[in-house]
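I have placed the structure first, in the form of C-alpha cells, so that the comments after it can refer back to it.
FYI, it's all coordinate maths here, none of it is from the lab. Computed from a predicted structure; not experimentally measured. Please note: Cβ atoms are built from the backbone with ideal geometry, for glycine as well, and neighbour counts cover all protein chains shown.
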Amino acid sequence: MTHESLLNAGWLKTIGRLGGAERLEKEAREVGAFRRVREVKCAVDLLRLTLAYCLGAMGLRLTAAWAETVGLASLSNVALLKRLRKSVPWLEILVGRLIGAGAGRAVASAGRGRLIRIVDATVVAKKGRASREAGGLWRVHAVFDLPSERFSAFELTDESEGERFDRAAVVAGEIRIGDRAYLQPDRIANVLAAGADILVRAKWNGARWVDANCDGIDLIQLLKKARGKGLVDRPIWIKATGPTPIALRVVAIRKPKQARDATIERITRDARDNGRTLQPETLIAAEWLILVTSLDRDEFSLPAIGDLYRLRWRIEIDQSWRLSRISDWIFEKIAQSFPASISDFDRQREKTSTRGVSGTASLSRLSTEGIDAISARAEHAGAARRAIRSRESQSQLLGFCYVS
C-alpha cells in the first residue's frame, strides 16, 4: 500500500468539507498542532493519522504501524501520542465547523444572530463504595454555546454546591437558556445586569409572580383561562430579594393531548410511589410548557421563543452521549486537577468500548416532555448513537474513508 492510495475521492471530499488542504495547514500551524515538516509531512497527513486512531479500533502502536505500512508516516507510538495531544484545539475547530455548517443557519435564525449559551449540570457518583453509600457526587456544571456547538465552560463541584444560573461569566449580548432548576430570581437579575437576556423554563409555583404594581398574579388562573387558545404571552414580574421586582415576560404553550396525558401519568405515578398528594394546580400546570424570558416581544414572537427553547436539548443530548462513553476514573482525575493522558484513555477505551451507549435516563426524560420536535430529536440521537458503535458507521458519519 502506498501513500498515493490514500488520495482517493472519498478522502479528498472530506478534506474539501473541512475547508481544503491550505486552510487545514494554516489552522494547524496557528494552534500549534503542526509546526514543522518531520516524520509527518503536512497537516492533512496529521489529520489522517488522528482520525485513524480516534475512529478506528487500533491503539497507538497499531496506528503507528498502520501509518508505516501505508507510507503515511514513520513514527513511534510515543511520537504519535505527542502529536495527538497537540491536535486537540485544532480538532475542536474542525468539529465546530462541521456541526455549525449543518445547524448554523437554524440556530442563527432562532437567535437572530446572537450568541446562545445553554447552561446545565449533570452528576456522576463518586468512586468507591463508601462514597456512593454516603451519596457522594461529582456535579459537572457546563455551558454550551451556539452556533459554534461547543462547550465554553466547565466547573466541577461536589454535592454541596447546586446549580447556579450566574455561575459562568456573562458575555454581553448573549441569550442564556436554562431549565426549571435555574428559575432563580436573584441570579437571573445578575445575568440581566451584566447585559444578557434570559430564557428559563418555569414551575407554576417556582417564583412570586406579580404585576407592575407588585400585586400578586395567579398563574394557574391565567393558564385555565387560556386553555381554549392554548397560548399565553404577557408581561410579568417576579419578586427577588431586592426592592424592585424583575420585569420579564411569561410565555406558555399548551402541550398536545398525547403529551399532556403522558406528563400527567408520569407525575401521578411519581407522587403515588413517593407517598405524596398532588395539588390540583400541579395537574393544570402539567398541561403547559411555561417559559419566562427577557427577550422583546417585537423581536422574538411566541413561536420564536418556542423554537429558541428547543435548542436547549442540544446540551442534554451531548452530555448524555459524553457521559455514556466515560467512567468515574476520569472525574477523579479532574478533581485532582490532573488531565488524563491519551495513553490512559487508550487503555481505558478498550475496557469501555463494549459497553455500548446508555443515556436512557435523558432519553426517557425527553420523550415525556411532550414536545414533538424534541422527541424526534431524541430518537434521531438514539439512532446516531447506535450507528456510532460500529467502526464502519463512524467512518461514514464523519466522511472519513478508512484504508486498511
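Annotations for the structure displayed:
- Potential extension, LEU283-ALA172 segment - 0.36 nm per residue separation minus Cα distance: 36.1 nm
- For region 3-86, averaging the sequence separation of C-alpha pairs within contact (under 8 Å, six or more residues apart) and dividing by the residue count gives a relative contact order of 25 percent.
- In region 3-86, lysine pairs closer than 19 Å at Cα, eight or more apart or cross-chain: 5
- Spin-label pair LEU231-ASN190: with each label point 7 Å from Cα along the Cα-Cβ axis, the two points sit 3.6 nm from one another.
- Sites ALA130 and ALA153, calculated FRET efficiency, Cβ-Cβ separation with R0 35 Å, nearest 0.05: 0.65
- Here r is the Cβ-Cβ distance between ARG85 and ARG180 and R0 is 45 Å; the resulting FRET efficiency, rounded to 0.05, is 0.70.
- Cβ-derived FRET efficiency at R0 22 Å, GLU161 paired with CYS214, nearest 0.05: 0.10
- Counted over all Cα-Cα pairs of region 3-86, pairs farther apart than 16 Å make up 49 percent.
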